[in-house]
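Please read the structure below before turning to the comments.
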Amino acid sequence: MSCHKVLQEKGYRLTLQRMLVIEALHNAGGHISAEEIYEQLHSRYPYSNISTVYRTLELLKELNLVMETDFGDGRVRYHVAEKGHHHHLICHICGKIMDLDESALYPLKDALLHDYDFDADLRHLAISGECSDCRKKNQ
């Protein structure tokens, strides 16, 4: 279900700024930062401010409409939840990002539930480490 529709159904106003934030999220080829969203918003609506972007992203997160990921570069990035959840392996040396198949996380989810009675939300996960190229260079 689209972000616009969910917001309307829950009684939230669809302001121009909110709609432009949602548009930027939907048009992003991948993950996008709040700062990148703000640049797009500000170019089309000069009276906007970054706090509006952050408030809109927080609302969309609370409604489970966007997923938030920290790739370890000092910027949190977002993507629309309806595009599906996925996982990443991030090399903290070269910055390479690889997709991780969700099935690799099933044993972790089961172990956390069994050993800690903790039901982990593993819908969108970024794991930092070293890629094979960087490990070879360091040997």
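Taking all Cα pairs closer than 8 Å and separated by 6 or more residues, the relative contact order of the chain comes to 19 percent. For I50 and C94, the difference between the fully extended length at 0.36 nm per residue and the C-alpha to C-alpha distance is 12.9 nm.
Taking the DSSP bridge list for the chain and keeping only pairs wholly inside it, about 70 percent are antiparallel.
Would you mind classifying segment 1-76 by shape? Square roots of the alpha carbon gyration tensor eigenvalues, ordered a ≥ b ≥ c; an a/c under 1.5 is rounded, otherwise it is prolate if a/b is larger than b/c and oblate if not. Note, shape of segment 1-76 comes out oblate. Working note: Cα gyration tensor of the chain, eigenvalues times five, square-rooted, sorted largest first, giving semi-axes of 31, 21, 11 Å. Taken about its Cα centre, the chain carries a charge dipole of about 520 debye when Lys and Arg each add +1 at the Cβ and Asp and Glu each add -1 at the Cβ. Positive end of the dipole of segment 42-139 (Cβ unit charges, origin at the Cα centre): among H124, H114, G72, the Cα lying farthest that way belongs to G72.
Taking all protein chains together, H42, H87 sort by accessible area into H42, H87, largest first [probe 1.4 Å].
Here the chain has 50 percent of its accessible surface on carbon and sulfur atoms, given a 1.4 Å probe and all protein chains in place. For the chain, the solvent-accessible area with a 1.4 angstrom probe is 63 square angstrom per residue.
The values are calculated or read from the model by the stated rules, or taken from the named source; none is laboratory data. Source: prediction; values computed, not measured. Cβ coordinates were reconstructed from backbone atoms using ideal geometry, including for glycine residues, and neighbour counts include every protein chain displayed. SASA here: full protein model, heavy atoms, side chains in, ligands and nucleic acids out. Shrake-Rupley method; radii C 1.70, N 1.55, O 1.52, S 1.80 Å.
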